[in-house]
Structures are given as structure tokens and as C-alpha cells.
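Read-outs throughout are calculated quantities, based only on the coordinates presented, and are distinct from any laboratory measurement. Everything numeric here is computed off the predicted structure, so don't read it as measured data. Glycine gets a Cβ as well: all are built from the backbone with ideal geometry, and neighbour counts include every protein chain shown.
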């Protein structure tokens, strides 16, 4: 599925992270950052310059940057429908 590159700014330092893509649907790209696998299962969703973070088990919005409400509802539906697949990919990445 590939990956995307993300520039992250933390305390005055910039990092470039590769984000593995675990799902693409309706133009939304779903993936997770490898550096924060110690947190509870969650994904980042991007499309056209917008980004949101969703927690899994159950699916719920953590934060949103520029997605509209109807897009967030669509994303939540996609994540709910594919949650088991995404969690399998999460566990694979953790080596469990």
C-alpha cells in the first residue's frame, strides 16, 4: 500500500517520519506513525491537505485538522467497517 512522509515539529526540532498506509478508500489514506506505537491503537487519516487522528476500539475522533463534519462521519464509517483489518496491521507492526 505504500507510505507517506510527514514532517513533524516537536519542541523546536523537525523530524521526518514515514507513515505506512494500511488502507485507502474514497481518497482517504489511513496509516499510523511508527514512532508512537507505544500508545493505544489509533490511525491518522489524510486527504487533500486535511488530517485527523482516530482512536480504535472503539473508533472515536482524537483531533481534526480541516476535515468537515460529513467527512469525519464518512471516515468513522470506513474505520468501523475495516477496524479488524487495521488492528491486524497494527499488531503486525508491533510484532505481536
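In what order do 90, 63, 55 fall by count of nearby beta-carbon atoms within 10 Å, going from fewest to most? Please list the in-between numbers first.
Values: 90 19, 63 9, 55 15.
Least to most surrounded, the residues fall as 63, 55, 90.
In whole Å, what are the extents of region 20-94 along the principal axes defined by its C-alpha atoms, from largest to smallest?
Ordered largest first, region 20-94 gives principal extents of 32, 23, 19 Å.
Over region 20-94, what is the relative contact order in percent, taking alpha-carbon pairs closer than 8 angstrom and at least six residues apart?
Working: 97 pairs, mean separation 16.5, N = 75.
Value for region 20-94: 22 percent.
Taking neighbour Cβ counts within 10 Å as the exposure measure, how do 79, 61, 23, 94 sort from fewest upward? Write down the numbers at each step before the final one.
Details: 79 23, 61 15, 23 18, 94 11.
The order, fewest Cβ neighbours first, is 94, 61, 23, 79.
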